[in-house]
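Take a look at the structure below.
Rule-based calculations on the coordinates, nothing more; no lab input. Computed from a predicted model, the values in this text were never measured in an experiment. Cβ: placed from backbone, ideal geometry, glycine included. Neighbour counts: every protein chain shown.
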Amino acid sequence: MKNRTRDITVADVTKVMALGMKGDRRKVYKAVEKLAKETCGYTMFTILKYVEKNQEVERVHTSNPRKYPVGGRKPIDPASHNQKILEKGRVFVAPDKAEVKRTYFDYELIFSLGINAILNAPISANGRRLGTLALSGLQGMYGKKEVERSKVLAGLLAPALMAEVD
């Protein structure tokens, strides 16, 4: 599948940073959601904060609150391939249905939403793991350009997410 996206511009970054300086993280999340749609594409967009003491991630923003509500939590399996990659500060891509099924215990719900590819970008600051930006879409959507753009998007989310992390 060919993904029709565009590059991230300095104007895009400046706009999100200005929202962040106002201290309204919800507006930052919405702005990055819109920017992710235009620059990476997705069927579902999610921001998860890392809850270290429980070894979980908690949803703080989602484009699909009916199926994946804010506040929902998932356990982290530290032995999973996905988590090993994220812990190293690298982006994880499940490019197809087979990899999504191997990686995610809730793959049936994921597939029911028409999703069969996932990109997870780690969100961190000052050497601290804050969370994950999750873009969920269709096979073939996430290549090198989207991986690089997701790193910028995750970086834009870091200051806002710092306020969410315990």
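From largest to smallest, what semi-axes in whole angstrom does the chain give when each is the square root of 5 times an eigenvalue of its alpha carbon gyration tensor?
Value: 22, 19, 15 Å, ordered largest first.
Got the relative contact order for the stretch 10-162 handy, in percent, Cα pairs under 8 Å and 6 or more residues apart?
Value for the stretch 10-162: 26 percent.
Could you list which residues have their amide H under 5 Å from that of Leu130, counting only those 5 or more apart in sequence or on another chain, with H placed in the peptide plane?
Ile123, Ser124, Ala125
What trypsin sites (Lys or Arg not before Pro) in the stretch 32-66 are in a loop by DSSP, with at most 15 other Cβ atoms within 10 Å of the Cβ?
Here the trypsin sites (Lys or Arg not before Pro) that fit, given the DSSP loop and packing criteria, are Arg66.
Given the C-alpha centroids of the stretch 91-145 and the stretch 27-43, what is the distance between them in whole angstrom?
15 Å
Could you work out the helix-only [θ] at 222 nm for the chain, with each DSSP H run of four or more residues adding -39,500 (n - 2.57) and the total divided by the number of residues, to the nearest 500 deg cm²/dmol?
Helices in the chain give a 222 nm mean residue ellipticity of -12000 deg cm²/dmol.
Order these by the 10 Å Cβ neighbour count, fewest first: Glu99, Glu148.
Exposure proxy ranking, most exposed first: Glu148, Glu99.
Computed FRET efficiency, Cβ-Cβ of Ala98 and Asn64, R0 22 Å: what is it to the nearest 0.05?
Rounded to the nearest 0.05, the efficiency is 0.45.
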